[in-house]
Structures are given as structure tokens and as C-alpha cells.
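A.B. asks: What follows is a structure written as C-alpha cells; I'll ask about it next.
The values are calculated or read from the model by the stated rules, or taken from the named source; none is laboratory data. Computed from a prediction, not measured in an experiment: that's the story for all the values here. Reconstructed Cβ throughout: ideal geometry from the backbone, glycine too, with neighbour counts over all protein chains shown. The area values use the complete protein model at the heavy-atom level, side chains included, leaving out ligands, DNA and RNA. Shrake-Rupley method; radii C 1.70, N 1.55, O 1.52, S 1.80 Å.
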Amino acid sequence: MLLPRLLRVGAFMVKELSRGGCTSISRTGCTRQHWRPFIELQSVPRVFQGSIFQKYPHFSTTAENDASHGSNKQKDMINVTFVDKDGEEKNIKVPVGMSMLEAAHENDIELEGACEGSLACSTCHVIVMDMDYYNKLEDPTDEENDMLDLAFGLTETSRLGCQIVASPELDGIRLAIPAATRNFAVDGYVPKPH
Amino acid sequence: MYKARAWLSRSFTALSSNPLRVCVVGSGPAGFYTAEKTLKAHQEAQVDIIDRLPTPFGLVRSEKLQQIVINQFSRVVQHERCSFFGNVTLGSSVSLSELRQLYHVVVLAYGAESDRALGIPGEDLIGVHSAREFVWWYNGHPDGKNLSPDLKSTDTAVILGQGNVALDVARILLRPTEELATTDIASYAWTALEGSSIRKVYLVGRRGPVQAACTAKELREILGIKNLYVHIREDDLIKSPTDEEEMKNSRIQRRVYELLSKAAASASSQPMLGQRELHFVFFRKPDSFLESNERSGHVSGVHFEKTALKGGGPGKQYAVGTGEFEDLDCGMVLKSIGYKSVPVNGLPFDNHKGIVPNIRGRVLKNISGDSSQVENGLYVCGWLKRGPTGIIATNLYCAEETVGSISEDLEQGVLASSSGLPKPGREGLLQLLDNRNVRPVPFSAWEKIDSEEKRLGSLRNKPKEKLTTYEDLLKVAT
């Protein structure tokens with residue numbers, strides 16, 4: 001699903017660069033001397049920057065090089081608040097393109113990521129505290145839904161932290177870390193407390 | 001709390017001037033997560049993981065996409081306070097009581113290597129196999145090689161059960177063999193499947209689609225097989241109010257049901273010539289296996305009783321026979337009705353549930369559930385503790401609970417008092433094994449096996465070519 005898109009973008013970049021129409025290609029777009037924004041690139045950014053950085057590290061390296069050549073902007077940061085199971089809040093700054101799981105680990109926030117973001121577990125389950133922000137996220141893929149099926153304490157606004165990628169419109173997002181990780185029955189059975 | 005625990009752990013060390021010695025039996029996900037969490041929670045603990053196979057990782061080894069998990073587990077074993085010993089069998093190489101003398105803590109995480117039995121006539125007919133054995137067979141498990149299923153004398157296979165294992169075996173039978181050629185399926189299995197005459201597979205469940213035990217991902221995979229005719233009876237998809245309630249409470253059931261109804265809706269009315277067929281059959285309970293008239297001793301079909309769902313409320317509906325019967329002709333049956341753990345000498349066992357009686361991982365002396373009757377220093381984790389359900393990640397939480405119990409017991413002095421004396425641990429085990437002429441296989445040997453399998457695989461354009469006999473495995477390992 002992502003690869004065809006990336007190939008389209010990649011092919012586009014190659015085409016434009018070779019045509020000489022662009023002075024440079026950066027992550028946020030193609031700088032042109034005379035032709036204003038390319039819808040294709042502009043509408044892709046979140047997908048391009050986020051998921052691909054995660055899942056296709058070799059592409060991310062390429063993009064980094066392009067960015068350092070062409071971009072003269074500082075790396076964009078957004079504000080994210082994590083609320084842990086005791087209600088304690090921690091505000092952190094997350095660079096655009098980084099997943100919430102990675103950001104949590106970089107800031108010593110206790111969010112388990114057993115499968116290292118490969119969509120093979122649900123330990124990085126977070127709850128998006130505001131519906132507005134939840135709606136801004138792209139729908140979960142089948143694979144993410146498969147793992148959310150197994151998360152304990154699932155809510156209407158639950159997502160996997162490794163799949164939420166920082167983008168400018170998520171500035172100010174608040175994520176709650178669910179209270180219990182002790183439920184381990186696939187069918188939702190909760191053992192009685194002793 | 002953490003500080004107190006850390007102090008106690010340290011003081012345990014100081015008092016007895018020896019580290020906490022832990023033995024984990026079983027090197028699948030449950031064993032590894034337990035080892036990892038124990039090492040993390042107790043900075044002086046020494047953890048040994050033993051397994052009866054020369055290779056670690058248990059069932060994970062037979063699954064695709066698990067390289068990340070294997071990497072994680074490899075890191076655990078490579079920890080300086082951790083060791084892996086393959087080819088060491090609980091019961092024959094070393095007994096449970098010996099292990100409990102050698103170590104302060106023993107955690108049993110050896111999973112489930114047997115099957116639930118149906119207990120119906122004809123179960124011993126040739127052609128009736130357990131799905132578990134079939135999976136071992138095509139995955140090159142050294143205990144599975146001799147299954148030699150006959151795939152040539154029939155075009156129909158019936159699979160009893162609709163869980164993920166059932167779907168997995170159905171997929172192996174129905175997938176075009178060209179696709180299988182580049183997986184790490186055992187070569188002899190691939191050859192057998194190439195010559196297979198099986199074209200029709202029935203997946204039969206006692207209850208309805210709302211109660212199907214599989215999960216969405218596995219269902220999507222099988223429904224996505226190219227050029228496959230999928231059939232589901234429309235009537236079977238009708239939902240009762242209780243069914244609706246069940247689906248409301250469970251995302252998993254909802255998503256599975258949706259996939260099944262979509263598949264039913266988009267199916268053509270007839271299979272095309274040459275198309276392989278997958279039939280989902282619901283509300284059928286196996287009553288007996290039918291013996292062939294032409295080939296005595298061989299199965300020729302399954303005699304089913306139609307069922308209806310009865311009471312209990314959402315999530316608790318069970319199948320009840322209606323007195324009406326129906327037969328399905330077939331030459332092969334695969335029973336996928338659940339794995340079962342194997343009891344060990346000296347270990348209390350709940351035969352009904354197929355687990356070791358325990359409370360939060362602490363083994364109980366008997367199955368009465370009395371929490372005061374705890375076996376000190378003995379714990380369980382994984383399928384042996386919970387029954388054979390869940391996925392790999394389920395064991396993460398399971399291990400968390402068991403290690404939590406171990407830490408609590410340490411803190412409360414339950415372990416320290418009975419084991420104030422130093423325990424021989426690793427050195428003791430190795431000495432004992434040496435005296436018995438048992439040669440444990442270390443993790444570095446697994447790495448040799450792994451690279452050899454990959455090397456052999458590269459010669460045939462496969463990710464790896466599995467070594468499938470104990471002989472071959474041990475030869476490369478040593």
C-alpha cells in the first residue's frame with residue numbers, strides 16, 4: 001500500500017530533478033523556481049515522512065540526505081503530553097516523523113514496545129484523550145486492528161503508539177497510557193483478583 | 001517498593017553470599033520472557049534455560065515474521081548471567097526434584113506438546129491425524145518427520161476446529177506449491193504437497209461463525225489465496241440476539257464475522273473447473289469416523305451430528321446435539337481441537353483443563369485451588385499455566401505476572417528461608433548431566449545450526465533449509 005505511493009513520489013522526484021525544474025527536493029516539498037506546490041508531494045507528507053521512516057529505514061536515510069541538502073528549516077517539533085497510569089503528566093517535544101513509541105522511549109516514558117514497532121503485539125497501546133486529535137489520525141490498517149483486538153482496556157480512541165507518527169497537526173496531542181497490562185487473555189477474560 | 005525489593009534482593013545475596021539461581025524449563029516465548037524479566041528484576045540472578053530440543057524458541061521457530069522476536073530472545077541468552085542448554089529433557093536428563101535441589105527457583109514453561117482427544121469411535125483409523133503433528137511435519141520439527149501423511153489417495157480433507165492452527169493447515173493444503181517453494185517449509189513436505197491430490201478442504205466447527213476461534217489476520221490470509229473457491233452457507237450466518245450481544249462485546253469476534261460474511265457474499269455460486277475449494281462448515285459435532293469399505297482400517301468420512309446453540313449468555317453459548325446427522329466424505333482428517341500439556345512426574349496436574357494448578361504462576365500442591373497449598377520455589381508460565389491460547393505477546397504479560405510472584409515471594413522471605421543455603425545452580429546441573437552422559441547444546445551451537453540452515457537454504461532459493469533430524473542437528477551443533 002505504501003510502496004506504490006512511495007514509488008510514485010520517488011519517480012516524480014526523479015523526473016522533476018532530471019527535468020531541472022526543481023532546485024532541490026526537501027521533505028516538505030519541491031522547491032521550484034516557477035511552479036508552485038505539487039499537490040502530490042504536499043498531500044503525501046505524513047505518510048511519506050512517518051510510516052516510511054519507520055518501516056523502510058533505507059528510504060528514510062535517502063530522504064534525510066535530500067533534506068539536509070535542500071532544506072533550510074529547523075526540524076519541526078510538536079508538543080505531546082503523556083499521561084501515565086497514575087495520572088502523572090509529562091510534556092515532551094517530538095520531532096515530526098517520529099513515532100509516539102520512539103518518543104516515549106527517548107524521554108524515559110514507560111511504554112512497552114515488545115515487538116519494536118513491527119505490529120506483532122499490543123504493548124504500546126495508548127488512548128488518544130481528545131476525539132478531535134483521534135479523528136486527525138489516519139485509520140488503522142488491518143494489521144494494526146489485528147493487534148488492537150488484543151489490547152487490554154481498549155477504548156473508542158485507542159491506537160498503537162508505534163503507529164502514531166508526529167505531524168504538525170498533532171501538536172498538543174494528549175496520550176494516556178492504559179492502567180493495566182496484566183490482562184493476557186485473548187478473549188478479554190479478566191482473572192478475578194485474589 | 002522497587003527500592004525495598006532491590007534491597008532485599010541484595011541482602012539475599014549478602015546473607016547467603018550467593019546469587020539467586022533460577023532454572024527455566026522451556027525456551028519458547030514464555031520461557032524467554034520469564035528469563036528476561038527475571039534478569040531485569042534481580043540484578044544478581046543467574047538464569048539457566050533448558051529445552052529438550054537442541055534448538056531454542058519453541059513454536060516461534062515455525063512461524064514467519066518472527067525474526068524480531070528471535071533477535072530479542074537471542075539478546076536475552078547472550079546476557080552474561082544467562083545460559084541456554086538444549087538437549088536437556090525434564091524427566092529423563094534431570095528430574096523435577098533434582099532441579100528443585102539445584103536451583104532456588106524453577107519455572108516450568110514447557111508449553112503443550114500433546115493433543116486433546118475427541119474420544120469418539122474411529123479416532124485410530126489411518127488418515128486421522130492431529131493438526132499439531134501435521135504442523136510439526138511440514139515445519140521440519142524433528143519429532144514430526146515420520147508422520148508421512150498420505151496426500152495422494154483422496155481429494156478431500158476435513159479439518160475439525162476453526163482456530164488459527166486449523167486455518168494454517170488448511171492454507172498449507174490449498175496454497176499453490178510454487179508459492180511454498182520459497183518458504184522454509186521442510187523439503188520432504190513440499191515434495192509431498194507437490195504430489196498432493198487434495199483439492200477440497202472443509203473447516204468444521206461445532207458452533208457458529210460468531211464463535212469461530214480464529215483471528216482476523218489468519219482468516220484474511222486464507223481467504224486471500226489466489227483462485228480459491230470459498231463456500232459458506234448463508235443460513236449459518238444468521239445471528240441470534242445473543243450472538244449480536246457477543247459481537248458487541250468482542251472486537252475480535254466482530255471482525256472475524258465480518259470477514260466471513262463478506263467472503264460468503266462475494267463467492268460465486270459454483271466452483272470453476274480446476275479451482276481448489278474451501279468450505280466453512282458450522283454447527284456440526286463429530287460423532288464418529290467412518291471406515292472405508294475398500295481400504296480397511298482407513299478413514300473414508302466423518303459422521304456429524306447437527307448442533308444448536310444453547311444458553312449460558314453471551315460468550316458462554318455451547319453446542320448441543322439435535323439428533324440429526326450428516327456425513328462428509330474424505331480421505332484425511334486433521335483434528336485441531338486444542339493442544340494439551342503433558343504432565344511430569346512429581347507435578348500436580350489438572351487433567352480437565354490440561355494445566356498445572358497455580359495461582360498467578362505459583363504452583364499449587366493439588367487442583368483444589370486452595371491458595372495456602374503452594375509449592376515453594378516452583379512456578380509456571382505460558383501455556384502450561386494458562387492453557388494453549390493466545391499469541392506470542394500474550395506470554396509477555398504472563399511472564400510479568402509469574403516474575404511478579406517470584407519477586408513477591410523473595411521479598412516476603414518465602415524463598416530465602418527454605419534456601420538460605422547456596423544452591424549449586426548451573427555448575428551443579430552441568431555436573432549432573434555430565435555424570436549421565438547428557439551433552440547439553442549451548443546457544444552458540446544454535447547459531448551454528450541457524451547459519452547452516454540459512455546456507456543450505458540459499459542453495460535452493462529459500463530463506464532456510466531446516467535440519468530435521470536430531471542426528472543432523474546435533475552433528476552441526478557439536
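A.B. asks: Can you pull out every residue in the range B:107-129 that is assigned to a strand (DSSP E or B) and buried (at least 23 other Cβ atoms within 10 Å of the Cβ)?
C.D. replies: Matches in the range B:107-129: B:Val107, B:Leu108.
A.B. asks: Residue check: is B:Ser458 open to solvent by less than 70 Å² (accessible area, probe 1.4 Å) and either out of contact with any helix residue (DSSP H, G or I) (no Cβ under 8 Å at 6 or more places or on another chain) or polar (S, T, N, Q) (or both)?
C.D. replies: For B:Ser458, the condition - open to solvent by less than 70 Å² (accessible area, probe 1.4 Å) and either out of contact with any helix residue (DSSP H, G or I) (no Cβ under 8 Å at 6 or more places or on another chain) or polar (S, T, N, Q) (or both) - is not met.
A.B. asks: Same structure, new question: Taking the condition of being modelled with pLDDT under 85, small (Gly, Ala, Ser) and open to solvent by less than 10 Å² (accessible area, probe 1.4 Å), how many residues in the range B:394-419 meet it?
C.D. replies: Selection size over the range B:394-419: 1.
A.B. asks: Here is a check on your reading of the model: is B:Thr183 over 30 Å from B:Lys306 (Cβ atoms) and not charged (D, E, K, R)?
C.D. replies: In short, yes.
A.B. asks: Among the residues of the range B:372-391, is there at least one that is over 24 Å from the mean Cα position of the chain (by Cα) and modelled with pLDDT under 90?
C.D. replies: Yes - at least one qualifying residue is present in the range B:372-391.
A.B. asks: What is the number of the single condition among (1) crowded, with 23+ Cβ neighbours inside 10 Å; (2) among the β-branched types (Val, Ile, Thr); (3) more than 26 Å from B:Lys365 (Cβ to Cβ) that B:Val77 does not meet?
C.D. replies: (1)
A.B. asks: Among what's in the range B:3-44 and is of a type in the set (Ser, Thr, Tyr) and crowded, with 16+ Cβ neighbours inside 10 Å, pick the residue that is modelled with the lowest pLDDT.
C.D. replies: Taking the candidates together, the pick is B:Ser16.
A.B. asks: Just to be sure, is B:Leu429 open to solvent by less than 30 Å² (accessible area, probe 1.4 Å), in contact with a Cys (Cβ under 9 Å, 6 or more places away or on another chain) and under 30 Å from B:Val106 (Cβ atoms)?
C.D. replies: Answer is yes for this residue.
A.B. asks: As an exercise: evaluate B:Thr183 against (1) out of contact with any Lys or Arg (no Cβ under 9 Å at 6 or more places or on another chain); (2) open to solvent by less than 60 Å² (accessible area, probe 1.4 Å) and give the number of the one condition it does not meet.
C.D. replies: Checking B:Thr183 against (1) out of contact with any Lys or Arg (no Cβ under 9 Å at 6 or more places or on another chain); (2) open to solvent by less than 60 Å² (accessible area, probe 1.4 Å), the one that fails is (1).
A.B. asks: I'm trying to understand the selection: among the residues of the range A:109-133, which are away from chain B (no Cβ under 14 Å) and either part of a loop (DSSP other than H, G, I, E, B) or more than 15 Å from A:Ala151 (Cβ to Cβ) (or both)?
C.D. replies: Scanning the range A:109-133 gives A:Ile109, A:Met129, A:Asp130, A:Met131, A:Asp132, A:Tyr133.
A.B. asks: Then there's this: In a loop (DSSP other than H, G, I, E, B), more than 14 Å from chain A (Cβ to nearest Cβ) and in contact (Cβ under 8 Å) with a residue 60 or more places away in the chain: which single residue out of B:Arg439, B:Arg426 fits that description?
C.D. replies: B:Arg439
A.B. asks: Can you report the number of residues in the range B:167-196 which are over 19 Å from B:Lys226 (Cα atoms) and among the aliphatic types (A, V, I, L, M)?
C.D. replies: Looking only at that region, the number is 4.
A.B. asks: Which one of B:Lys217, B:Lys145 is within 14 Å of another protein chain (Cβ to nearest Cβ) and of a type outside the set (S, T, N, Q)?
C.D. replies: Answer to the selection: B:Lys217.
A.B. asks: Here's another thing I want to ask about it. Which residues, counting only those in the range B:16-48, are in a strand (DSSP E or B) and either within 11 Å of B:Tyr110 (Cβ to Cβ) or touching a residue at least 60 places away in the same chain (Cβ under 8 Å) (or both)?
C.D. replies: Across the range B:16-48, the qualifying residues are B:Arg21, B:Val22, B:Cys23, B:Val24, B:Val25, B:Gln46, B:Asp48.
A.B. asks: Next question. Taking only pairs six or more apart or across chains, which ones have beta-carbon atoms under 7 Å, a first residue in the range B:360-376 that is surrounded by 15 or more Cβ atoms within 10 Å (Cβ to Cβ), and a second residue that is aromatic (Phe, Trp, Tyr)?
C.D. replies: Pairs found: B:Gly361/B:Tyr379; B:Arg362/B:Tyr379; B:Val363/B:Tyr379.
A.B. asks: Does A:Asp86 fit the bill of being farther than 12 Å from A:Gly161 by Cα, open to solvent by less than 30 Å² (accessible area, probe 1.4 Å) and within 14 Å of another protein chain (Cβ to nearest Cβ)?
C.D. replies: Criteria not met by A:Asp86.
A.B. asks: Go through (1) over 30 Å from B:His279 (Cα atoms); (2) assigned to a loop (DSSP other than H, G, I, E, B); (3) within 14 Å of another protein chain (Cβ to nearest Cβ) one by one and return the number of the condition B:Ile391 breaks.
C.D. replies: With respect to (1) over 30 Å from B:His279 (Cα atoms); (2) assigned to a loop (DSSP other than H, G, I, E, B); (3) within 14 Å of another protein chain (Cβ to nearest Cβ), B:Ile391 is out only on (1).
A.B. asks: Just checking, which of A:Glu102, A:Glu156, A:Glu106 is more than 27 Å from B:Glu258 (Cβ to Cβ), open to solvent by 10 Å² or more (accessible area, probe 1.4 Å) and either within 14 Å of chain B (Cβ to nearest Cβ) or more than 11 Å from the chain's Cα centre (by Cα) (or both)?
C.D. replies: A:Glu106
A.B. asks: If the requirement is being at pLDDT 85 or above, more than 13 Å from the chain's Cα centre (by Cα), surrounded by 15 or more Cβ atoms within 10 Å (Cβ to Cβ) and away from chain B (no Cβ under 14 Å), which of these qualifies: A:Ile164, A:Ile173, A:Ile177?
C.D. replies: Selected residue: A:Ile177, the only one of A:Ile164, A:Ile173, A:Ile177 that is at pLDDT 85 or above, more than 13 Å from the chain's Cα centre (by Cα), surrounded by 15 or more Cβ atoms within 10 Å (Cβ to Cβ) and away from chain B (no Cβ under 14 Å).
A.B. asks: In this structure, does B:Val47 turn out to be at pLDDT below 95 and open to solvent by less than 10 Å² (accessible area, probe 1.4 Å)?
C.D. replies: It is false that B:Val47 is at pLDDT below 95 and open to solvent by less than 10 Å² (accessible area, probe 1.4 Å).
A.B. asks: Could you list, in sequence order, the residues of the range B:377-387 that are crowded, with 23+ Cβ neighbours inside 10 Å and within 11 Å of another protein chain (Cβ to nearest Cβ)?
C.D. replies: B:Cys381, B:Gly382, B:Lys385, B:Arg386 - these are the residues of the range B:377-387 that are crowded, with 23+ Cβ neighbours inside 10 Å and within 11 Å of another protein chain (Cβ to nearest Cβ).
A.B. asks: Still on this structure, please answer the following. Filter the range B:91-146 down to the residues that are more than 15 Å from B:Leu334 (Cβ to Cβ) and of a type in the set (Ser, Thr, Tyr) and list them by number.
C.D. replies: B:Ser92, B:Ser93, B:Ser95, B:Ser97, B:Tyr103, B:Tyr110, B:Ser114 - these are the residues of the range B:91-146 that are more than 15 Å from B:Leu334 (Cβ to Cβ) and of a type in the set (Ser, Thr, Tyr).
A.B. asks: Please find, within the range B:251-298, the residue that is farthest from A:Gly153 (Cα to Cα) out of those that are of a type in the set (Ser, Thr, Tyr) and in contact with a helix residue (DSSP H, G or I) (Cβ under 9 Å, 6 or more places away or on another chain).
C.D. replies: Checked the range B:251-298; the qualifying residue farthest from A:Gly153 (Cα to Cα) is B:Ser261.
A.B. asks: Scan (1) more than 19 Å from B:Pro314 (Cβ to Cβ); (2) without any contact (Cβ under 8 Å) to a residue 24 or more places away in the chain; (3) within 14 Å of another protein chain (Cβ to nearest Cβ); (4) open to solvent by 60 Å² or more (accessible area, probe 1.4 Å) for the single condition B:Arg254 breaks and write down its number.
C.D. replies: (1)
A.B. asks: Something else about it: Condition check: within 14 Å of another protein chain (Cβ to nearest Cβ) and aliphatic (A, V, I, L, M). Does B:Leu259 satisfy that?
C.D. replies: Judged against the criteria, B:Leu259 is a match.
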